[in-house]
Amino acid sequence: NCMAWHARHVRTTPGEVRARIHFRRSDLLYRHPAPLRDPHAEARKRHASAKRLDPEQLVLEVPELPIRTPAGFVVGPTILDMLERRAWRWKDLPTATQEAARNALPKDQPTPSALVAWSARSLDSLWPKPGQSQRIPRPLDLVEGAAPMLDHPFLTALASGGAPTGQPPPSDAWLPVTKVSTCLISEYVYRVACGVFGDLETATQRIADAGAAAWEADLVRALQLWELVQAAPGGVLVEDLRVDALRPICSVSQEVERGIMREVCRWLGVDPDLELKRPRGRPRSRERNADQGEVIRVVLQPDGTVQGSFVMDFEGVAAGTELHQLTLHALVSVLGALRTRELDTDAALLEAWLDAAVPDWRERVLDNDSAPSNRSAHDPYDVLGVQPDATMEEVTAAFRTAMKAVHPDTSGGASAWLSRAVLEAYKAIRAARDAAARGEA
């Protein structure tokens, strides 16, 4: 695991380009056999008219899910799109969910103010809000001669496509499909795989097979998770250790790299599961009760308190800075950046420190208590991490990257106001640029 993490997050060659391996995998698309209409239809028409666009060109209704294309493909939300994980205020949980959660708590434990839970995504949330652009057509398969994908009206991140397999579905709610996907493999790991597996062709095929197997395992976990959500009181499944074990791995590429490095260990005659111990007489690099990632270091003090600090410069914070010196707003921003860069160890350490130092930090984020009152005074370019002379294309790309960082599946309870801050920054820049363009005209 350490070798795979090092190969993925530590650049081994200046200007390294990751190998992109294509493979075909299975997926499940959600089935809804009745017409589905855009809940924002009237507002979208008004918005189009105000922008001097033809409202008749808008797609405001689809006959069913998944949508079927003339070329034989189907498009719609996948099973992972239909599973939503987010932080809930206790008072917002359905009554049945509250009762079940309270019964599961030890008698002497107080009722929590917020919980992380899973639920089925509302079909209305698949549609973009007025003013949000709809998807631009692009090839469904990344191979020559592939038929174009339908320009579906849903949010880009909540719909995918594929070709029906004809296999029996696991239930009436799902349609099995097959599609082309990719793995991005470190140059270092790819070269090692070629050496271990004998040649380039064999290594590429082994990586492709591993990628397909990792996605298949994710589908099995997702189906189990969906069934638990459907059976949960109130339709909301509170996360616990059993549920957490079913979470999608999210990074198939890293899972594949981990498998390759395990094969390398076996090839070298080393047990990949062997527990390694520090040789006698070798000085310890860290004191007892301390844990450290690439960015964050956390130490449990003898009095039970937790101390944390930065071990390297990150997101404008200097190495050596103590975590308690930053505001909750800044810490949650750092947490989102760590998750975006797939620094999972550091993200877990920061979450652990927050849980110990600010036990109600998720609730405070949800209630906007930690959002600075002068947020509008923040430089929007700083919020998006671009220079003031950046092109609008660069600003838009930074906006999309930031929105992915604060998505509910990656940022926990932080997404509520962080996403608004990112959106407000993007709107401010666009408005300023539009005003400047009109002034020049």
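The C-alpha radius of gyration of the range 62-125, expressed as a fraction of 2.2 N^0.38 Å, stands at 1.68. When Lys91, Lys427 are compared by accessible surface with a 1.4 Å probe, the order from highest to lowest is Lys91, Lys427.
Ligands, DNA and RNA are left out, and with a 1.4 angstrom probe the accessible area of the range 305-350 is 44 Å² per residue. Placing Ser122, Ser251 in order of accessible area, with the largest value first and a 1.4 Å probe, yields Ser122, Ser251.
Directionally averaged projected area (the range 144-235, Cα convex hull): 9.5 nm².
The values are calculated or read from the model by the stated rules, or taken from the named source; none is laboratory data. Quantities reported herein were computed from a predicted structural model and do not represent experimental measurements. Heads up: the accessible areas ignore ligands, DNA and RNA and are worked out on the full protein's heavy atoms, side chains in. Shrake-Rupley method; radii C 1.70, N 1.55, O 1.52, S 1.80 Å.
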